[in-house]
Amino acid sequence: MTSNAYRRSEHLRALWPWLPLWTAAALLAIFSHGPMPLFSTRTLAVAWEMWHGHHWLVPYMNGEPYSEKAPLLFWMIHAGWAVFGVNDVWPRVLEVGFGATQLVLVSMIARRLFPDRPWVASATPWMLLSLSYAFLFGQQIMYDVPLATWALATLLCLLPTDRRAEPRWWLFGLCIGFGLLTKGPVMLLHVIFPWLLGPFWNDWARQHRSRWYGFGALGVLLGLAMLLAWAIPAGFSGGEAYRQRLFFTQTAGRVVNGVAPAADLQNHARPVWWYLLAVPVLMFPLSAWPRAVAALAMLRRPLPVGVRFALSWLVPAFVTFSLVSGKQLYYPLPELGGACLLLAGAVALLRERHPRLATTAWLGTWPLAVGGALLAVFMFVLPGLVAGNHLHGEWLDEAVGYSRYFSVLFLLLGALLLLRGRGEMRRLAVAGLVGTLALNTLFTLTAWHKYDLTPSNQLLASIQAQHRAIGYFGSYDAQFHFAARLTGPITEMHVPAQVAAFAQAHPDGVIVTHPGKLTDEDRRYALLVQPFRSSWIVIWAAPSLVDVQAGQIPPEPATPTLVYPGTARP
């Protein structure tokens, strides 16, 4: 076998078994139910409107230019649709592909940063696949999963290899450009700090500062040029309002609270300390592994290159995202790979510098084992608690039919985490992945019907086929456009006067409402009633809704109201 063939064989062997394990779990999870409202359905709606309207340059949502996101993900969805036709299978496979690529990239990053500690390269992808939040959010057709992939690819370009110490600057710039075209300027916040702090962790950067910063700046400019090559013509094509939002409001409004009205921009403003409280959630189950926490707390100089790289990435990024006004749990998704890299490096140092702490059972996975056992006991007794009226809740009442089956699984996972000896981290990763997949399956079996908009989509598709107008009372999030294949905008209304005007203009039109609780009028006079999350979707003939809002009794509908499972309770 030649040296190149041997090297390829070694690389493929290094992917076993974590890559096929995660891929199989991700495919099972993402195809266990349909695209999730409102994350996935909104992305698909934008892609569908671009596709149907041949808007290849400017994204559209509900008939208006959509400035919230750049178009690369939509273009990649279109590429699959051009081959396979319009469907929701390809976008889901695409997301799983991006997630699998992240695992490979983080493994490659760890291998380059810790060449003398092969355990880190082996452990880092296992740690990343164990994260419950990252796995569940990775099932959404969203921009942050491909953004994380481009961020990891960008940082990989900065790292030295056996044959070359200088970064591959043109690839660095291209990957930045792809990230910018995925989610806009926020891409720079995910990758800029390891480059700016290069001399802190990279010997070549310390010895060639002018070349490091000069060519790095050119790479950043290349990425920005790729973004502008789309944004400038898109801005002129989309009109003045779209251009204003694209170049200023949609980014600045998230950085500084109050720049844009809340009705015009999804700001998600939260306090500075919010991400500090979110870290245990984002890093679970690793955040409940005492050995990882102890290893991180006991980091001392001298720090290896990989740890310095991770710190130069995570610390300034965390501070910056904390200072930014807009915050969501999924915004720091690209940094989760860096956090796993840091933890793997810290555990490797603990094993070298403190062998007793690296093997003591007191720092093992027993807290997670106890938590799994307690969850198993709770799920086993849940049917009795609900039947005896001792405990009730929207999710609890739904879960009773399957909870005892899943209690057995969580008891077994707890027993797995109590095992001692070699392979502790892999047992934790497998338990985390299987446990998260189990919770996703339980959600599918018990609660998905409250997220499945198929009944409403079928009715709205038939309404559109009859060339009747559709309105929405409230803020519409494009949850119907893709599945119903709507080809025209839905009219938003926010006050009863707008409802009356819509009904007068479109007497055969329908209006969708989203009440928190059902009324007797909803069940008797509406066209359709179905559960949606913790509330309801009600579809009305427009004149009937006008009568109800005016306190009058509408005429009896020609056909009984379609009432779907779960709507019997008020």
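The values are calculated or read from the model by the stated rules, or taken from the named source; none is laboratory data. Because the structure is a prediction, the values reported are computed rather than measured. Don't worry about glycine lacking a Cβ; one is built from the backbone with ideal geometry, like all the others, and counts go over all protein chains shown. Calculation scope for accessible area: heavy atoms of the full protein, side chains included, ligands and nucleic acids excluded. Shrake-Rupley method; radii C 1.70, N 1.55, O 1.52, S 1.80 Å.
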Exercise for the section: Using +1 at the Cβ of each Lys and Arg and -1 at the Cβ of each Asp and Glu in the chain, identify which of 296, 440, 275 lies farthest towards the dipole's positive end. Expected result: 296
Fill in the blank from the handout: For residue 69 the rounded accessible area (nearest 10 Å², probe 1.4 Å, non-protein molecules ignored) is 30 Å²
Problem - Net length gained if the chain between residue 136 and residue 396 were fully extended (0.36 nm per residue, minus Cα distance) - result: 91.6 nm
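Length gain on complete extension for the stretch residue 420 to residue 268, per 0.36 nm per residue less the alpha carbon to alpha carbon distance? Walk me through the numbers on the way to the answer.
Details: separation 152, 0.36 × 152 = 54.72 nm, distance 4.36 nm.
Length difference between fully extended and current span is 50.4 nm.
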Exercise for the section: Can you grab the distance from the C-alpha centre of segment 340-356 to the C-alpha centre of segment 496-558, Å, no decimals? Expected result: 61 Å
Problem - Spatially proximal lysines relative to residue 517 (Cα-Cα < 29 Å; intrachain offsets below 8 disregarded) - result: 450
Exercise for the section: Return the distance in nm (one decimal) between the two label points of a simple spin-label model at residue 552 and residue 23, each offset 7 Å from Cα along Cα→Cβ. Expected result: 6.3 nm
Fill in the blank from the handout: So the FRET efficiency between residue 83 and residue 56, C-beta based with R0 = 22 Å and rounded to 0.05, is 0.85
Practice task
Describe numerically, in nm with one decimal, the distance between label points set 7 Å from Cα along Cα→Cβ at residue 408 and at residue 116.
Solution key: 5.1 nm
Practice task
Restrict the search to segment 348-448; then list the trypsin sites (Lys or Arg not before Pro) that DSSP places in a loop and that have at most 15 other Cβ atoms within 10 Å of their Cβ.
Solution key: 420, 422
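Using only helices, what value at 222 nm comes out for the chain when you add -39,500 (n - 2.57) per DSSP H run of length 4 or more and divide by the total residues, to the nearest 500 deg cm²/dmol? Numbers along the way, then the final one.
Working: 28 runs with 351 residues, N = 570.
Calculated at 222 nm, the ellipticity per residue is -19500 deg cm²/dmol.
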Handout entry: Length-normalised contact order for the chain - Cα pairs under 8 Å, 6+ apart - percent
Key = 15 percent
Completion exercise
About its Cα centre, the chain carries a charge dipole, from +1 on Lys and Arg Cβ atoms and -1 on Asp and Glu Cβ atoms, whose size in debye to the nearest 20 is 2680 debye
Exercise for the section: Provide the per residue accessible area, probe 1.4 Å, for the chain, rounded to a whole number of square angstrom. Expected result: 45 Å²
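Arrange the residues 547, 203, 162, 116 by how much accessible surface each exposes, largest first, with a 1.4 angstrom probe. Walk me through the intermediate numbers first.
Numbers: 547 35, 203 80, 162 160, 116 110 Å².
Ranked from most to least accessible, the order is 162, 116, 203, 547.
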Problem - Of all accessible heavy-atom area on the chain, the percent that carbon and sulfur account for (1.4 Å) - result: 66 percent
Exercise for the section: Using Cα centres only, tell me the gap between segment 130-149 and segment 71-103 in whole Å. Expected result: 14 Å
Handout entry: Calculated from backbone phi, Karplus (6.51, -1.76, 1.60) coupling profile of segment 521-537 in Hz, x at Gly/Pro
Key = 5, 4, 6, 9, 10, 7, 7, 8, 9, 8, x, 8, 6, 9, 9, 9, 10
Problem - Built amide H within the under 5 Å cut-off of residue 532, gap 5+ - result: 537
Practice task
Assuming R0 = 60 Å, can you tell me the calculated FRET efficiency for the pair residue 533 and residue 15, based on Cβ-Cβ distance, to the nearest 0.05?
Solution key: 0.95
Handout entry: Amide H within-cut-off set for residue 60, under 5 Å, with H built and near neighbours excluded
Key = 50, 66
Handout entry: Calculated from backbone phi, Karplus (6.51, -1.76, 1.60) coupling profile of segment 504-516 in Hz, x at Gly/Pro
Key = 5, 6, 9, x, 9, x, 10, 10, 9, 10, 9, x, x
Practice task
Give the long-range amide H neighbours of residue 472: residues separated by 5 or more places, or on another chain, with amide H under 5 Å away, using H modelled in the peptide plane at 1.01 Å from N.
Solution key: 491, 492, 493, 512
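In the chain, what % of DSSP beta bridges are antiparallel (nearest 5)?
Numbers: 12 of 20 bridges.
Counting DSSP beta bridges with both partners in the chain, the antiparallel share is about 60 percent.
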Handout entry: Stretch gain in nm, segment residue 351-residue 244, where the contour uses 0.36 nm per residue and the Cα spacing is subtracted
Key = 33.1 nm
Handout entry: Label-point gap, in nm, between residue 200 and residue 161 - each point 7 angstrom along Cα→Cβ
Key = 2.7 nm
